[in-house]
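This report concerns only the one structure given below.
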Amino acid sequence: MIAIVDYGACNLNSVKKAFDYLGAKVVVTDQPAALGAADKIVVPGVGHFSALQALDRAGLREPLLQGASGGKPFLGICLGMQWLFEGSEEEIGMAGAGIFSGTCRRFPATVKSPHVGWNSLAVQENTKLLRGIPQESHVYYTHSFHAPVIPAATATSEYGLQFAAAVERDNVFGVQFHPEKSGEIGLSILKNFCEV
Amino acid sequence: MLTKRIIACLDMDGGRVVKGVRFKNLRDAGDPAECAMAHARNGADEIVLLDITATSGNRRTMLDAVRATARSLFVPFTVGGGIRQLEDAAAVFDAGADKIAINSAAVSDPALIGRIAGRFGSQAVVVAIDARKDARKVDGSFEVFVAGGRVSTGRDAIEWARQAADCGAGEILLTSMDRDGTQSGFDCRLVREVAEAVSIPVIASGGAGSARHFIDVFQDGRADAALAASIFHFGIENIAELKRELRDAGVPVRWAC
């Protein structure tokens, strides 16, 4: 069972629909106990970094961190990936999970913001989540802040600068793009997550 | 590299995709879910479903069509037509849309943009603007029209686009009424003026007739995306072929086929 975390901040339909399509068993939940019972955890999200405060209000931070540190496959999507970092310029003073080091920053003024549309991936070797994904595959983005290219970055995209498209360490994965909106490529990535 | 998006628009009436010239002589062009899937398979980067009649009796039928289309569509999916308040938008999101497009309701109540964006995020709010050259002005400015292009507002299109962006719109869907249905090319000047005035993406619409028109609106019009309906439905332009021509002209596109 995959638990999709509903912290009231965004529309989760498309993420659930994609897992349904792949035949995965999913539950959409805001209950800490349901996270403990799940085999895998997905934190979706889109919008402002401060929306993640709802995770704290709902008492979900600790169960999420426990799940991640306890070896449960954990996928953060878009804002959910940014939450895995230490914080974001978008909401200074609000702590992320700190599983990956670094802070999410605004795009440089040389490009239009938000970054919306299909951009290509430069994929690293030895990634579980992006296994079988060809170089230069296009994925769908919509965001104004980006995560830094750290050693755990398994893919990067370019928009005014290089940023982390995906991160991965052991059982914890994050993607800045929306796999649920990225056609066949996106479905392959979610399928990889189901099979981790 | 960020690519230029090709968006297929499906005009809907009574749960079916229809196609006419300027809303007249409507003819049936098929089932929305099937049409959307076919376009996506063919390389469309995004699908827009537009309820062109948007009568209250049609709402339930429209929501059923949105639900059926969303079920197996895994590219961004926008729904427009008849969304007048937050609750209408919520029902469309609940049926599976990723973004909503609002037009007349945003002009009469710009705060609606912020209300929808506040709940569903700016990325989910597309403000559609129908504009045409203002014949009363010599400076070549463009005026905003609402109610399916029937009602003049006296508002300047560039100013309105700016305000919509400030209110929290995530994208602008800009239709040239002068070019709509003519297949004579996008209005590149209109698109460029709006694209330079706002930092959010601008989707050009109205006038698509050939691959050359798409190349022009991306290179000269600085559009982030371009939308077309009729030329894709009846196979005048095949999206996969269009993308090859765009790529050969140096326009970055997602290579879906």
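Scanning segment B:129-141 turns up no residue that is within 11 Å of chain A (Cβ to nearest Cβ), in contact (Cβ under 8 Å) with a residue 24 or more places away in the chain and surrounded by fewer than 23 Cβ atoms within 10 Å (Cβ to Cβ).
The residues of segment B:170-185 that are of a type in the set (Val, Ile, Thr) and surrounded by fewer than 22 Cβ atoms within 10 Å (Cβ to Cβ) amount to a single one, B:THR182.
Residues of segment A:140-176 that are hydrophobic (A, V, I, L, M, F, W, C), touching a helix residue (DSSP H, G or I) at 6+ places or on another chain (Cβ under 8 Å) and within 14 Å of chain B (Cβ to nearest Cβ): A:PHE145 alone. Just to be sure, is B:GLN163 closer than 28 Å to A:HIS143 by Cα and either touching a residue at least 60 places away in the same chain (Cβ under 8 Å) or surrounded by fewer than 16 Cβ atoms within 10 Å (Cβ to Cβ) (or both)? Judged against the criteria, B:GLN163 is not a match. With the structure loaded, tell me whether B:GLU196 is at pLDDT 95 or above and either surrounded by fewer than 24 Cβ atoms within 10 Å (Cβ to Cβ) or among the hydroxyl-bearing types (Ser, Thr, Tyr) (or both) or whether it fails that test. When the stated conditions are applied, B:GLU196 passes them. Taking the listed residues B:GLY114, B:GLY96, the one that is in contact with a Cys (Cβ under 6 Å, 6 or more places away or on another chain) and not β-branched (Val, Ile, Thr) is B:GLY114, with no other qualifying. For segment A:34-57, a tally of residues being more than 26 Å from B:GLY118 (Cα to Cα) and either in a helix (DSSP H, G or I) or of a type in the set (S, T, N, Q) (or both) returns 4. Among the conditions (1) away from every other protein chain (no Cβ under 14 Å); (2) closer than 17 Å to A:TRP118 by Cα; (3) not hydroxyl-bearing (Ser, Thr, Tyr), the only one that B:PRO201 does not satisfy is (1). Comparison of B:ILE102, B:ILE83, B:ILE116 shows that the only residue that is surrounded by 18 or more Cβ atoms within 10 Å (Cβ to Cβ), under 16 Å from B:ALA169 (Cβ atoms) and more than 17 Å from the chain's Cα centre (by Cα) is B:ILE116. Each residue in segment B:195-212 was checked for being over 15 Å from the mean Cα position of the chain (by Cα) and either in contact (Cβ under 8 Å) with a residue 60 or more places away in the chain or assigned to a loop (DSSP other than H, G, I, E, B) (or both), and 4 of them qualify. So if I check each of A:PHE177, A:PHE173, A:PHE163, which one is in a loop (DSSP other than H, G, I, E, B), modelled with pLDDT of 95 or more and crowded, with 18+ Cβ neighbours inside 10 Å? Exactly one of A:PHE177, A:PHE173, A:PHE163 is in a loop (DSSP other than H, G, I, E, B), modelled with pLDDT of 95 or more and crowded, with 18+ Cβ neighbours inside 10 Å, namely A:PHE177. Checking every residue in segment B:180-191 against the condition of being modelled with pLDDT of 95 or more, assigned to a loop (DSSP other than H, G, I, E, B) and at positive phi gives at least one match.
Modelled with pLDDT of 95 or more, within 18 Å of the chain's Cα centre (by Cα), within 26 Å of B:ILE52 (Cβ to Cβ) and within 14 Å of chain A (Cβ to nearest Cβ), is that true of B:ALA223? Considered against the rule, which asks whether it is modelled with pLDDT of 95 or more, within 18 Å of the chain's Cα centre (by Cα), within 26 Å of B:ILE52 (Cβ to Cβ) and within 14 Å of chain A (Cβ to nearest Cβ), B:ALA223 comes out as yes.
Only one entry of A:SER69, A:SER101 meets the criterion of being in contact (Cβ under 8 Å) with a residue 12 or more places away in the chain and hydroxyl-bearing (Ser, Thr, Tyr), and that entry is A:SER101.
Conditions tested, residue by residue: (1) within 12 Å of another protein chain (Cβ to nearest Cβ); (2) part of a strand (DSSP E or B); (3) at pLDDT below 95; (4) crowded, with 18+ Cβ neighbours inside 10 Å.
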{"residue": "A:GLY59", "(1), (2), (3), (4)": "no, no, yes, no"}
{"residue": "A:LEU84", "(1), (2), (3), (4)": "no, no, no, yes"}
{"residue": "A:MET94", "(1), (2), (3), (4)": "no, no, yes, no"}
{"residue": "A:GLY98", "(1), (2), (3), (4)": "no, no, no, no"}
{"residue": "A:ALA109", "(1), (2), (3), (4)": "yes, no, yes, no"}
{"residue": "A:LYS112", "(1), (2), (3), (4)": "yes, no, yes, yes"}
{"residue": "A:TRP118", "(1), (2), (3), (4)": "yes, yes, no, yes"}
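Among the residues of segment A:1-51, those that are away from chain B (no Cβ under 14 Å), touching a Phe, Trp or Tyr at 6+ places or on another chain (Cβ under 7 Å) and under 19 Å from A:LYS181 (Cβ atoms) comprise A:ILE2, A:VAL26, A:VAL43.
The values are calculated or read from the model by the stated rules, or taken from the named source; none is laboratory data. The structure presented is a predicted model; accordingly, all values stated were derived computationally and were not measured. Note that each Cβ is placed from the backbone with ideal geometry, even for glycine, and that neighbours are counted across all protein chains shown.
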